[in-house]
Amino acid sequence: MILQERADVFARLQTDILRLQGFRMSGQVTADLGLGPIREAFPNGIFPTGAVHEFLSARPENTAASAGFIAGLLSSLMENNGTALWISSSRALFPPALKTFGLAPDRFIFIDLQKEKDVIWAMDEALKCGAITAVIGEVNKISFTESRRLQLAVEKSNVTGFILRHQLQNINTTACVSRWRITALPSVVMDDLPGIGFPQWRVELMRMRNGKTGVWDVQWREGRFIHAPLVRMEEEQSKQTG
Amino acid sequence: MACRFVSIWFRHLSTDWFTLRQHAAANQMVNAKSLKELPFVLRTPSHGRMVITATNDAAEKKGIHKGMVLADARAILPDVQVMDDKPDLIDKLLKRLAEWCIRFTPVVAVDPPDGLLLDVSGCTHLWGGDQQYADAITRKLNERGYDVRVAMADTVGTAWGLARFGKRQLIAGIHSHLEPLLQLPPEALRVEAETVERLHKLGLRQVRQFITIPRTSLRRRFGPHLLMQLDKALGQELEILKPVQPIEPYEERLPCLEPIVTAAGIEIALQQLLETMCLRLQREQKGLRSAVFKCYRIDGKIQQVDIGTNRPSHHVRHLFRLLAMKIATIEPGLGIELFVLQAPKTETHMATQEKMWSDSGGLEDMRLSELIDRLASRVGTTSIHRYLPDEHYWPERSIKQATTLHEKPTTTWRSDKPRPLQLLKRPEPIEVTAPIPDYPPMLFRYRGKIHKIVKADGPERIEQEWWIQQGQHRDYYRVEDDEGQRYWLFRLGHYHDKVFRWYVHGYFG
């Protein structure tokens with residue numbers, strides 16, 4: 001009884017702290033996204049929509065893994081008749097593959113631009129438009145000011161933005177709420193069957209505003225995320241980041 | 001509303017043009033005497049002799065007229081200036097002048113051989129009245145160097161006659177074109193020369209003398225053409241002008257009192273035009289798919305910007321933003337005196353009921369198509385793609401581009417065979433060690449790095465579609481290397497063939 005009360009008090013205090021830190025709940029109540037234990041890293045345990053997330057991927061193999069993880073997230077985000085814009089100057093995404101992640105590829109609009117500057121501009125315009133669910137932008141580098149503009153745009157429209165960064169020589173700070181790195185892990189084979197099994201990724205959450213960081217192994221199986229046993233317990237130590 | 005027409009008669013069209021051209025050239029030659037003062041004619045060969053086709057004012061005063069043989073003219077005036085006529089000059093000149101006259105009214109028709117006809121119904125009040133309107137046309141054409149007579153009346157026929165044969169007052173009042181018409185000679189009715197000659201022979205030198213003659217008698221003596229032309233001049237028969245530029249059904253015009261040179265001024269004009277046009281479109285339940293914004297400069301040049309939309313729209317703010325992005329490309333020069341907004345392409349646009357909750361409308365959402373319009377106007381429509389499934393197994397052909405935002409797929413997206421998330425634009429060659437024919441490779445070298453294959457699936461053979469393209473088939477393998485990265489490889493051709501190559505074509509997620 002006392003424990004229950006204590007837990008309630010802690011929960012209330014935690015939400016108070018978040019509020020004092022300037023964290024605002026996005027108006028939309030989001031689905032679980034099937035992220036399981038990763039949710040514990042998010043403020044209030046909810047994946048922040050209406051925010052810009054940054055994914056680091058230096059090599060095309062990593063880009064494919066990141067795109068796979070984003071597609072997994074989008075499959076829940078876009079459930080409700082949503083649309084997404086994929087803005088890039090070097091797109092290699094093959095639309096039919098999105099079907100594997102339960103997405104309708106014809107609900108994606110691809111904007112293939114020549115100049116890097118136009119990508120940022122187009123993302124800024126798109127993130128202001130409340131009619132779309134998500135905007136994915138592939139860029140080489142992004143300055144703090146540019147990322148701040150994007151973050152301000154989504155706070156009004158509640159669109160979720162994803163930035164895929166390809167050039168990692170000097171990773172500057174950005175105004176994005178989170179920074180992720182997704183790498184491919186050997187696929188999971190069931191019952192020693194030959195061939196390739198379900199895709200598996202190592203998901204590193206390197207930064208999360210008002211949340212925690214962590215490393216998880218995630219599989220994509222039968223249209224949802226499945227969590228492998230946590231690998232590095234020591235890294236899961238909660239680190240409060242500003 | 002009463003119809004009003006203006007007829008412009010260029011008295012010396014082609015000689016005026018030659019004079020103007022000489023003026024332009026005379027800037028270099030100081031001592032050249034102007035053609036304006038000299039008697040000056042144009043000639044063309046006809047039936048083995050030189051015939052005068054056009055004269056200027058000075059030559060006309062000396063008694064030289066059109067159709068005269070050049071030798072006769074030389075007898076009258078030995079130092080007459082002569083130049084060769086250009087055969088298609090008149091048509092070109094009239095067309096150009098007609099286009100220039102669009103600033104006065106949208107309906108301008110060419111009236112060969114030496115005139116223009118303008119439908120000015122409802123235009124003259126913008127210049128402060130009929131007289132001022134006609135004066136403005138005369139003054140502007142005189143400034144350009146053309147000798148013109150401008151007449152206005154309720155019918156085309158009367159205006160035409162007044163311009164050429166009117167004595168004092170060239171502007172007939174509203175509903176009172178009969179009085180001036182009665183004083184005109186029969187030539188003013190645009191009838192054949194024989195009929196005119198016969199009328200003169202009978203002593204009928206003015207319209208008033210034969211207009212009261214019974215129609216049956218007139219038809220018997222002079223044929224039906226005279227009656228028809230008389231009816232046209234009286235307004236009993238409708239005369240339709242063929243505009244030199246077809247009028248856009250949706251067009252708004254904004255003449256300016258003073259020339260506009262600033263971007264802010266152009267924006268205000270654009271806003272006003274859009275508001276009136278969108279109000280009209282909304283009333284008629286239409287939306288525009290493309291719009292052209294034209295700026296007529298005072299030096300006669302036209303600057304224009306155009307936009308297109310993905311979906312019919314009559315949303316002022318959205319259209320303004322689209323057009324405003326291109327205002328910077330307009331060069332105002334010395335100033336813009338007329339703004340015209342046209343909607344060449346419109347479609348039915350039913351008003352949708354507004355929703356109280358702001359839910360995403362998916363691809364049908366108006367906000368999405370407006371966003372795409374904005375992006376397209378900056379980066380071009382060619383960089384915006386949406387894909388639909390196509391019934392081909394060949395990976396590059398398995399998708400096709402959708403033409404519109406709301407086009408539905410005709411077939412379902414296939415998901416029975418795995419396809420990579422990243423597909424390379426063109427397959428890249430790799431070096432491979434494969435143990436047994438038709439087995440997946442053991443390792444491959446790609447971009448200088450050796451990948452050891454741990455797991456593999458395949459092959460999936462995809463044949464060329466011979467009715468589209470000839471070539472070797474592809475055997476696709478899905479492989480995973482020791483780092484857990486998954487690739488899509490294929491071998492082009494049979495293993496037993498002399499020539500076969502391995503390629504990497506994509507990465508799996």
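We did not get these values from a lab; they are worked out from the coordinates using the rules stated. As the structure is a prediction and not an experimental result, all values here were calculated from the model. So basically every Cβ, Gly included, is an ideal-geometry build from the backbone, and we count neighbours across all protein chains shown.
Brief remarks follow.
- A simple rule links phi to the HN-Hα coupling: the Karplus curve 6.51 cos²θ - 1.76 cosθ + 1.60 with θ = phi - 60°, which for segment B:370-387 gives 5, 4, 5, 4, 5, 4, 5, 6, 9, 9, x, 5, 5, 8, 10, 10, 9, 10 Hz, with x for Gly and Pro.
- Sparse packing (at most 11 other Cβ atoms within 10 Å of the Cβ) combined with a DSSP loop state is found for the following trypsin sites (Lys or Arg not before Pro) in segment A:45-127: A:LYS115.
- Whole-number percent relative contact order across segment B:158-312, with pairs defined as alpha carbons under 8 Å at least 6 apart: 13
- Amide H contacts of B:GLN81: B:PHE40, B:VAL41, each under 5 Å away and 5 or more positions distant or on a separate chain (H built 1.01 Å from N in the peptide plane; Pro and chain starts excluded).
- Proxy reagent accessibility, fewest Cβ within 10 Å first, across B:MET325, B:MET350: B:MET350, B:MET325
- For segment B:479-494, backbone phi angles converted through the Karplus equation (6.51, -1.76, 1.60; θ = phi - 60°) give residue-by-residue couplings of 10, 10, 8, 5, 8, x, 8, 10, 10, 10, 10, 8, 10, 8, x, 6 Hz, Gly and Pro being listed as x.
- Net length available on complete extension from B:GLN132 to B:GLU99 is 9.8 nm, with 0.36 nm assigned per residue and the Cα-Cα distance removed.
- At most 16 other Cβ within 10 Å, DSSP loop - GluC sites (Glu not before Pro), segment A:143-227: A:GLU222
- Loop-located trypsin sites (Lys or Arg not before Pro) in segment B:266-349 whose Cβ has at most 12 other Cβ within 10 Å (DSSP): B:LYS301
- Segment B:196-219 and segment B:54-84 have Cα centres lying 34 Å from one another.
- Dipole magnitude for chain B: about 840 debye, using +1 per Lys or Arg Cβ and -1 per Asp or Glu Cβ, origin at the Cα centre.
- Projecting the Cα atoms of B:GLN464, B:THR262, B:HIS496 onto the charge dipole of chain B (Cβ charges, centred on the Cα centre) puts B:THR262 farthest toward the positive pole.
- The overall shape of segment B:72-196 is oblate: from the C-alpha gyration tensor, with semi-axes ordered a ≥ b ≥ c, the ratio a/c is 1.5 or greater and a/b is no larger than b/c.
- Calculated FRET efficiency for the pair B:TRP467/B:TYR439, C-beta based, R₀ 56 Å, to 0.05: 0.95
- Annotation: lysines with alpha-carbon distance below 16 angstrom to A:LYS128 (same-chain offsets under eight excluded): A:LYS156.
- Inter-site label distance for B:GLN303 and B:THR276 at 7 Å from Cα along Cβ, in nm: 2.1
- Here the spin labels are modelled as points 7 Å beyond Cα on the Cα-Cβ line, and at A:ILE2 and B:HIS392 they lie 7.4 nm apart.
- Magnitude of the charge dipole for the protein assembly as shown, about its Cα centre and with charges confined to Cβ atoms of Lys, Arg (+1) and Asp, Glu (-1), is about 1560 debye.
- Distance between segment B:424-439 and segment A:56-113 - C-alpha centres, whole angstrom: 27
- Taking amide H positions as modeled 1.01 Å from N, with prolines and chain starts lacking one, no residue 5 or more places away or on another chain lies under 5 Å from B:LYS62.
- Within chain B, longest stretch clear of exposed chymotrypsin sites (Phe, Trp or Tyr not before Pro) (DSSP loop, no more than 12 other Cβ within 10 Å): B:1-356
- Prolate/oblate/rounded label for the protein assembly as shown (Cα gyration tensor, a/c 1.5): prolate
- Distances between placed amide hydrogens fall under 5 Å for B:ARG461 paired with B:TYR476, all partners being 5 or more residues away or on another chain.
- Estimated vicinal HN-Hα couplings, Hz - segment B:107-118 in sequence order (Karplus 6.51, -1.76, 1.60; Gly, Pro = x): 9, 10, 10, 7, 10, x, x, 8, x, 10, 10, 10
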